[in-house]
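One structure is given below, encoded as structure tokens.
The values are calculated or read from the model by the stated rules, or taken from the named source; none is laboratory data. Every value quoted in this text rests on a predicted model; they were computed, and no experiment measured them. All Cβ positions, glycine included, derive from the backbone under ideal geometry; neighbour counts span all protein chains shown.
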Amino acid sequence: MEIEPLPALDDNYIYALIANGDAAVVDPGTPAPVEALLRRRSLRLQTILLTHAHGDHIMGAAPLRAQTGCSVVGPAGSGIPGLDREMRDGERIAVPGGELLALATPGHLAVHLSYYSAAQAALFCGDTLFGAGCGRIIQSNAATLWQSLQKLRALPPATRIYCGHEYTIDNLEFAQHEEPKNAAIAERLDQARACRERGAPTVPSTLAEEMRTNLFLRAESLAAFAALRARKDQW
Ligand SMILES: [Zn+2]
């Protein structure tokens, strides 16, 4: 399976999973980048996977479904209209070249799924975990997001993290403000800036890299995590 990030809207990523002329996409917030990919590579769109109900992750689903007849899959209880299948924690879904396991990762919103492939060492985590950061708590609470991050921490360190937004530099600048003497954070910030200057995405990172430099993922208590999240909100 080939995984291609498609930059979309201001700073979103749609992910295309491609094998044998078929494709699935995760979180199409707008149809245009997916339409261009399907044309350019002559791919058939089979499935759209949605992580959560925010418009910048779902607005491309209905037009792409109308054009291609693909099925749309998303979290049960999310209120997203037009789902062909509602997924719950622990359920699996076939995608081109493999399958994905749904992991409930609420906390950004009360209902949020991530999609994981052990075989591909890949996690599509929407707005739960970002490069060096985590999602804002919009419709839930710190304890819920903390629990979701604990679940992601337990995945294999080589897992590649395909997150919903290009927020890595902002998150690393905050991390450096928190830990000005942390060499791993300084080094990752240099790398991320160089990456963006040449127009490349900073995603995917790996879980191992996040464990070194993501203060939210590294936080060792709920209280420390909640305080950190509150400081980032005010930053
Ligand atoms: Zn969101």
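Some points to look at:
- All told, G97 falls short of being surrounded by fewer than 16 Cβ atoms within 10 Å (Cβ to Cβ) and of a type in the set (G, A, S).
- Residues (of a type outside the set (G, A, S), within 16 Å of the ligand (Cβ to nearest atom) and out of contact with any Ser or Thr (no Cβ under 8 Å at 6 or more places or on another chain)) located in the range 57-77: I58
- Scanning the range 162-187 for residues that are away from the ligand (no atom under 16 Å from the Cβ) and within 19 Å of the chain's Cα centre (by Cα), we see that the one that is surrounded by the fewest Cβ atoms within 10 Å (Cβ to Cβ) is I169.
- Considering the range 61-124, the qualifying strands (runs of 3 or more DSSP E), each wholly inside and each with 3 or more residues that are within 28 Å of P157 (Cβ to Cβ), run over 92-95, 98-104, 113-117.
- Residue within the range 11-21 that is under 13 Å from the mean Cα position of the chain (by Cα), over 20 Å from G97 (Cα atoms) and assigned to a helix (DSSP H, G or I) present: no
- The lone exception for A19 - which of (1) of a type outside the set (D, E, K, R); (2) buried (at least 19 other Cβ atoms within 10 Å of the Cβ); (3) touching a Pro at 6+ places or on another chain (Cβ under 7 Å) it fails: (2)
- Residues of the range 105-151 that are surrounded by 18 or more Cβ atoms within 10 Å (Cβ to Cβ), hydrophobic (A, V, I, L, M, F, W, C) and farther than 16 Å from I14 by Cα: L109, V111, A132, C134, I137, L145, W146, L149.
- Enumerated helices (runs of 4 or more DSSP H) restricted to the range 135-235, each holding at least 2 residues that are more than 20 Å from S114 (Cα to Cα): 168-178, 183-197, 207-213, 222-234
- Single residue of E187, E178, E197 found to be without any contact (Cβ under 8 Å) to a residue 40 or more places away in the chain, more than 19 Å from P7 (Cα to Cα) and of a type in the set (D, E): E187
- Verdict on A104 being away from the ligand (no atom under 15 Å from the Cβ), on the phi > 0 side of the Ramachandran plot, touching a strand residue (DSSP E or B) at 6+ places or on another chain (Cβ under 8 Å) and modelled with pLDDT of 95 or more: no
- Where Q139 falls short, out of the listed (1) closer than 30 Å to A227 by Cβ; (2) at pLDDT 95 or above; (3) within 12 Å of the ligand (Cβ to nearest atom): (2)
- Residue match in the range 86-98 (condition: within 19 Å of A122 (Cα to Cα), touching a residue at least 60 places away in the same chain (Cβ under 8 Å), touching a strand residue (DSSP E or B) at 6+ places or on another chain (Cβ under 6 Å) and within 16 Å of the ligand (Cβ to nearest atom)): no
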